[in-house]
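Take a look at the structure below.
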Amino acid sequence: MDFRPIPPSAHNSRMIPRFLDRLLRRTNRKVGPDLTLLTLERPRDWSEQYPDVPKPETSLSIQLIAARWACNDLHGEDMPRIAGDLLETGLDSAGLRRLAAETQVSCSADVEHLLARVFREFEIPYPMPEGRAQLVFARQTAREVIAGHCDPWPAAFNLEKAMWGRYPKNEDLASIFALNDEWAWDADYQRFVPVMTSDLIEVFARLGKMSDAEVFAES
């Protein structure tokens, strides 16, 4: 049976049931292959094998923060603290000071208008185009995996979760979805997991090497 996701262009009656089924499967399974031999005390550093993959950006990169916000990886309650951290690094703007001073934030809508102001003050498009946000977030995740900051399988799951299971246009992101599906849906027929992990690392390395120009061109 073919469990491949349906592209967004295929607007038909099967899309929503397949999307819901995908989310349920993601919710009810463990993150990553259940192999004790692959469990390490700390993630493996792949940077020597992929020296052309740049190091991850600082978590306080304005562009990365905008991408994480667009991918729902950040929430309204997080933003006053992040604004304060940005001010401490030397960045400054009226909107950033106003955001840092917020004390009553219970949801994202409470700071939406302030975030729009902050991002525009730093010449970041708001709202950031969805495709660009996905690639910026995915590139940072990939660089963190290659640098040994996080394990590849949980990182792959979190990427798909941040994108709500929607089929991505980028081929490497689509490959990550397919690898997630291979062990989640086809356990009886999946390949040897270390081989799948090697494939996943290769995909992350390609994503990690993307330049801003390539990200903007694709999005």
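Data for the structure
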item	result
Index of the failed condition, Ala66 passing every other in (1) among the small types (Gly, Ala, Ser); (2) surrounded by fewer than 21 Cβ atoms within 10 Å (Cβ to Cβ); (3) closer than 28 Å to Arg206 by Cβ	(2)
Unique match (being at pLDDT below 85, touching a Phe, Trp or Tyr at 6+ places or on another chain (Cβ under 9 Å) and part of a helix (DSSP H, G or I)) among Trp153, Trp183, Trp164	Trp183
Residue within region 28-46 that is at pLDDT 95 or above and surrounded by 11 or more Cβ atoms within 10 Å (Cβ to Cβ) present	yes
Considering residues of region 202-219 that are in a helix (DSSP H, G or I), small (Gly, Ala, Ser) and touching a helix residue (DSSP H, G or I) at 6+ places or on another chain (Cβ under 8 Å) only, the residue nearest to Glu48 (Cα to Cα)	Ala205
Options Ala133, Ala147; residue that is closer than 21 Å to Ser59 by Cα, touching an Asp or Glu at 6+ places or on another chain (Cβ under 7 Å), of a type outside the set (Lys, Arg) and crowded, with 18+ Cβ neighbours inside 10 Å	Ala147
Flag if Lys169 is modelled with pLDDT under 90, of a type outside the set (A, V, I, L, M) and assigned to a helix (DSSP H, G or I)	no
Pairs where the first residue, in region 124-141, is closer than 14 Å to Val53 by Cα and the second is of a type in the set (Asp, Glu) and assigned to a helix (DSSP H, G or I), C-beta under 9 Å, 6+ apart	Ala138/Asp172
Residue list for region 41-78, filter: over 23 Å from Thr103 (Cβ atoms), in contact with an Asp or Glu (Cβ under 7 Å, 6 or more places away or on another chain) and outside any loop (DSSP other than H, G, I, E, B)	Leu64, Ala70
Residues of region 116-134 satisfying the condition of being in a helix (DSSP H, G or I), in contact with a Leu (Cβ under 9 Å, 6 or more places away or on another chain) and modelled with pLDDT of 95 or more	Arg117, Val118, Glu121
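The values are calculated or read from the model by the stated rules, or taken from the named source; none is laboratory data. Note that this is a predicted model, so its numbers are computed, not measured. Here the Cβ is made from the backbone with ideal geometry for all residues, glycine too, and neighbour counts use every protein chain on show.
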